[in-house]
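Input: a single structure, listed below in structure tokens.
The values are calculated or read from the model by the stated rules, or taken from the named source; none is laboratory data. Note that the coordinates shown come from a computational prediction; the quantities given were computed from them, not determined experimentally. Cβ atoms come from the backbone with ideal geometry, glycine included; neighbour counts cover every protein chain shown. Just the protein is used for accessible areas: all its heavy atoms, side chains included, with ligands, DNA and RNA removed. Shrake-Rupley method; radii C 1.70, N 1.55, O 1.52, S 1.80 Å.
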Amino acid sequence: RDFTHYFTPQQVSYAYHLSADFMAELLHEATRACHIDAKVLKIARVEGGAEVEFEERAPERYDLVFDARGFPKELHPDQHINISFIPTNTAVIRRCPAIVAENGEGPVLQHTYTRAVARPHGWIFVIPLTVHTSYGYIFNRDVSSLAEVEADFDAFLDADGVSEFEQRAVIPFPNFVHRQIYDGAVARIGNAAAFMEPLEATAIVSAQLQIGMVLHIRLNRPVESLERDAPVVNRFLVNNMLCYGLFVGWHYSCGSQYDTEFWRNARDHVWPQHRVAADPGVVDCAALEKLDDMIELLHRPVIEKADWNQMCAVPLTSYAQMSQGLGC
Ligand SMILES: Cc1cc2nc3c(=O)[nH]c(=O)nc-3n(C[C@H](O)[C@H](O)[C@H](O)COP(=O)(O)OP(=O)(O)OC[C@H]3O[C@@H](n4cnc5c(N)ncnc54)[C@H](O)[C@@H]3O)c2cc1C
């Protein structure tokens with residue numbers, strides 16, 4: 001039970017953590033766009049497009065709007081699929097000194113792994129960035145108190161040899177998939193489309209898929225097909241995010257080296273809700289069926305080579321690793 005899972009990127013030996021601020025600057029340099037710096041009050045579908053209402057300025061009409069306002073403050077059952085089978089809902093974020101030694105402008109040559117470490121109240125991510133290391137304790141505030149989590153966080157940092165940290169935030173988050181990721185005029189992307197923890201590398205690939213698919217359809221299909229295409233694209237995107245959600249929920253149910261209330265609750269009370277939450281009749285897609293196929297494959301004494309590349313959000317090999325439970 002005391003082992004490490006290796007999730008290395010395929011075909012390459014590196015991964016990226018992107019700085020949102022620098023990314024926006026970089027894109028701005030290569031884009032011809034009108035930048036409106038205002039709070040968006042409402043985005044509504046109207047005949048032939050969508051209307052955006054702003055704070056303290058007149059509304060604008062567009063053919064297509066990408067809604068990237070992040071996750072909602074509260075979930076509404078008519079708009080959001082509540083993926084309540086994921087047992088975490090809060091993060092404590094701490095900033096610690098950089099692990100990477102400063103070496104001027106050149107590339108960082110030593111290994112700088114992102115770590116995800118199982119703990120009694122959930123798990124901790126460790127993300128080595130260039131100027132600091134970001135630590136986050138992901139837990140369930142309905143199961144563990146903040147004081148208990150902070151105490152275990154202190155013990156972990158102590159064992160990791162980190163003597164100083166800056167407390168950054170305590171972030172409550174929802175676990176959901178939006179029912180209407182794309183309706184033909186409004187495309188919800190990133191955290192506005194879905195959220196679950198951990199998203200990790202899936203956050204970037206999901207946003208790429210959402211933007212790429214919507215643009216591909218809009219730029220290549222005749223305008224008469226718009227109404228017919230939208231529900232098909234939406235079902236595909238909802239299915240994709242729900243598959244990620246099911247994998248995430250299932251991986252918590254596989255347990256860890258800790259037999260604590262958090263891990264027992266994840267397995268015995270939270271995960272069993274997935275059959276109701278992802279019922280195809282309720283979510284209008286076949287994500288649950290795909291997950292069932294993967295679990296069935298996992299239980300076979302021999303997995304045929306032809307099945308090795310089967311996927312439900314992630315490949316069968318990831319399911320096989322996770323089915324062993326989470327090490328440290
Ligand atoms: C604890 C935690 C850890 C995470 N770790 C990782 C990780 O390791 N790797 C990873 O890839 N992802 C991680 N994520 C997910 C991360 O949140 C997403 O990858 C990323 O932030 C999604 O970007 P986004 O632009 O969709 O949403 P956000 O980053 O939430 O951005 C939304 C933006 O919209 C703006 N906005 C909101 N409302 C309005 C409005 N009304 N008008 C105008 N602007 C508005 C906000 O100010 C904000 O700038 C983590 C998330 C959490 C909570």
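Some notes on this structure:
- Those helices (runs of 4 or more DSSP H) lying entirely in the stretch 218-328 with at least 3 residues at pLDDT 90 or above and not assigned by TED's automatic domain parsing to the domain that holds Ile138: 226-253, 261-265, 274-277, 280-283, 287-298
- Residue that is modelled with pLDDT of 95 or more, part of a loop (DSSP other than H, G, I, E, B) and not acidic (Asp, Glu), where the choices are Phe85, Phe3, Phe7, Phe71: Phe85
Conditions tested, residue by residue: (1) out of contact with any Gly (no Cβ under 9 Å at 6 or more places or on another chain); (2) without any contact (Cβ under 8 Å) to a residue 40 or more places away in the chain; (3) within 16 Å of the ligand (Cβ to nearest atom).
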{"residue": "Val52", "(1), (2), (3)": "yes, yes, yes"}
{"residue": "Glu56", "(1), (2), (3)": "yes, yes, yes"}
{"residue": "Leu64", "(1), (2), (3)": "no, no, no"}
{"residue": "Pro72", "(1), (2), (3)": "yes, no, yes"}
{"residue": "Ile86", "(1), (2), (3)": "no, no, yes"}
{"residue": "Ile99", "(1), (2), (3)": "yes, yes, yes"}
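- Checking the stretch 131-142 against the condition returns no match, with no residue being touching a helix residue (DSSP H, G or I) at 6+ places or on another chain (Cβ under 7 Å), closer than 30 Å to Asp67 by Cβ and more than 16 Å from the ligand (Cβ to nearest atom).
Here's the yes/no breakdown for (1) open to solvent by 60 Å² or more (accessible area, probe 1.4 Å); (2) in contact (Cβ under 8 Å) with a residue 12 or more places away in the chain; (3) over 20 Å from Ala287 (Cα atoms):
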site: Ala194; (1), (2), (3): no, yes, no
site: Ala207; (1), (2), (3): no, yes, no
site: Ser225; (1), (2), (3): no, no, yes
site: Arg228; (1), (2), (3): yes, no, yes
site: Leu246; (1), (2), (3): no, yes, no
site: Gln257; (1), (2), (3): yes, yes, yes
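- Which listed residue, of Glu55, Glu25, Glu47, is open to solvent by 60 Å² or more (accessible area, probe 1.4 Å), modelled with pLDDT of 95 or more and acidic (Asp, Glu): Glu55
- For the stretch 30-44, the count of residues that are away from the ligand (no atom under 15 Å from the Cβ), in contact (Cβ under 8 Å) with a residue 40 or more places away in the chain and in a strand (DSSP E or B) is zero.
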